[in-house]
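The values are calculated or read from the model by the stated rules, or taken from the named source; none is laboratory data. Every value quoted in this text rests on a predicted model; they were computed, and no experiment measured them. In this analysis, Cβ positions are derived from the backbone assuming ideal geometry, glycine residues included, and neighbour counts consider all displayed protein chains.
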Amino acid sequence: MAEMRDAELPSGSDITIRAGWESERDTERSKVTVRWFAIALLFAAILWVRHEDPDVHLSNRVLLALVGGALAMTALEAFYLWRPGRTTIPPFLKYLTVFGDMTFITVLLFYTGYARSPFFFVYFVFLISNCLRYGLLMSLYVAALFNGMYVLVLARAPAGEASVLGGEGVKIVAFWAVALYGGAISARLRRQANQLRVYEETIAELRARLISHSPAETGVEGRSESNPSEVQAVASEEPE
Amino acid sequence: MTPEERKPEASPERGSRLRPLRIGPGVIRWAGLGVVLSALGLLLLTLLARSPWLFLLYPLLIGTLLLSLGALALALLNRI
């Protein structure tokens with residue numbers, strides 16, 4: 001496996017798989033990278049919607065404040081995550097950034113038609129993205145945040161702003177259903193990935209043991225610990 | 001160390017410390033009641049709610065429904 005070729009093979013029992021398994025810092029970094037593109041994409045979409053739909057009243061000041069705020073938050077997080085020596089991040093950071101993202105999406109909905117906003121689907125994209133990255137707990141957190149924030153939007157909407165689906169309750173229930181189902185699937189995938197990681201660590205540990213014991217047992221000379229092809233050769237010599 | 005050894009549930013010592021699950025008929029009754037009431041509440045809320053603030057009850061109802069379903073499933077599986 002490719003990950004195994006990159007695996008560190010220490011002499012002791014401390015086995016570390018360096019490649020193939022993303023840390024929370026790396027996940028947050030990739031989210032920051034995606035967020036730059038998402039901001040640009042949404043900015044273009046807002047401009048187009050504002051031009052096409054006369055019902056959308058979004059002033060330049062609000063638009064700049066929204067985009068500027070999103071850019072500032074992303075830049076701040078990028079500065080924090082890419083600082084030299086930053087290897088771990090506090091566990092609450094992901095919840096904080098998700099809260100910030102959800103706030104921006106909610107403000108966007110508020111200024112682009114409340115329940116009829118064409119940007120409602122962004123909530124779903126955001127849910128699936130975080131649900132796949134972080135699992136069931138995060139998807140429940142996103143669903144709860146959405147529930148609260150969307151109620152705020154609905155409460156501020158003018159009377160008679162009905163949803164095209166017939167009821168806002170259906171939309172909220174649908175969101176919860178997607179969150180629960182996606183979270184459950186994600187939890188299963190993460191469990192399987194974790195089992196695979198344990199197997200890879202075991203294989204790496206066994207390889208390390210094989211390297212440390214093989215010269216005396218097999219009598220092959222000139223074998224080096226840093227050459228994986230020789231390790232495979234030793235493994236093939238061992239009886240099953 | 002093999003993967004089986006690393007898994008906590010594979011350890012016999014750990015398993016022996018766990019008390020056997022005792023689920024009486026009261027659990028099934030309460031869990032069933034929780035499932036029915038929360039499902040009914042969800043349905044009524046979705047169909048009849050006029051104020052958006054009422055939608056804040058969704059997390060409570062969905063949480064109750066999931067917990068009741070989980071308890072009911074555990075209880076029924078334990079009886080089989």
- Residue within region A:105-112 that is loosely packed, with under 15 Cβ neighbours inside 10 Å, out of contact with any strand residue (DSSP E or B) (no Cβ under 8 Å at 6 or more places or on another chain), of a type in the set (A, V, I, L, M) and at pLDDT 90 or above present: no
- Matching option when the condition is more than 20 Å from A:Ala184 (Cα to Cα), within 10 Å of chain A (Cβ to nearest Cβ) and in contact with a helix residue (DSSP H, G or I) (Cβ under 7 Å, 6 or more places away or on another chain), among B:Leu61, B:Leu48, B:Leu43, B:Leu56: B:Leu56
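For (1) within 14 Å of another protein chain (Cβ to nearest Cβ); (2) in contact with a strand residue (DSSP E or B) (Cβ under 7 Å, 6 or more places away or on another chain); (3) farther than 27 Å from A:Phe43 by Cβ; (4) not aliphatic (A, V, I, L, M), each residue gets a yes or a no:
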{"position": "A:Lys94", "(1), (2), (3), (4)": "no, no, no, yes"}
{"position": "A:Thr97", "(1), (2), (3), (4)": "no, no, no, yes"}
{"position": "A:Tyr114", "(1), (2), (3), (4)": "yes, no, no, yes"}
{"position": "A:Leu132", "(1), (2), (3), (4)": "no, no, no, no"}
{"position": "A:Pro158", "(1), (2), (3), (4)": "yes, no, no, yes"}
- Task: Only one of these is surrounded by 15 or more Cβ atoms within 10 Å (Cβ to Cβ), touching a residue at least 24 places away in the same chain (Cβ under 8 Å), in contact with a Cys (Cβ under 8 Å, 6 or more places away or on another chain) and more than 10 Å from chain B (Cβ to nearest Cβ): A:Val178, A:Val142. Name it.
- Result: A:Val142
- Note on the structure: The condition of being in contact (Cβ under 8 Å) with a residue 24 or more places away in the chain and farther than 18 Å from B:Leu57 by Cβ holds, among A:Glu168, A:Glu200, only for A:Glu200
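Mind checking which residues of region A:127-149 are farther than 22 Å from B:Leu66 by Cα and of a type in the set (Phe, Trp, Tyr)?
The first filter runs over region A:127-149 and keeps only residues farther than 22 Å from B:Leu66 by Cα, leaving A:129, A:133, A:149.
Within region A:127-149, none qualify.
Keeping to region A:119-134, report how many residues are under 18 Å from A:Glu28 (Cα atoms) and surrounded by fewer than 20 Cβ atoms within 10 Å (Cβ to Cβ). Can you show your working first?
Kept after step one, since they are under 18 Å from A:Glu28 (Cα atoms), are these residues of region A:119-134: A:125-134.
In the following step, the residues that additionally are surrounded by fewer than 20 Cβ atoms within 10 Å (Cβ to Cβ) were identified as A:125-126, A:128-129, A:132-133.
The qualifying residues number 6.
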- Message: Restricting to region B:42-69, name every residue that is surrounded by 13 or more Cβ atoms within 10 Å (Cβ to Cβ) and under 17 Å from the mean Cα position of the chain (by Cα).
- Response: B:Leu42, B:Tyr58, B:Pro59, B:Leu61, B:Ile62, B:Gly63, B:Thr64, B:Leu65, B:Leu66, B:Leu67, B:Ser68, B:Leu69
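Residue under question is B:Glu13, and the condition is that it be within 14 Å of another protein chain (Cβ to nearest Cβ) and modelled with pLDDT under 90; does it hold?
Working: within 14 Å of another protein chain (Cβ to nearest Cβ): no; modelled with pLDDT under 90: yes.
Judged against the criteria, B:Glu13 is not a match.
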- Query: For region A:129-149, what are the residues that are modelled with pLDDT under 95 and closer than 17 Å to A:Ala38 by Cβ?
  - Reply: A:Ser129, A:Asn130, A:Cys131, A:Leu132, A:Arg133
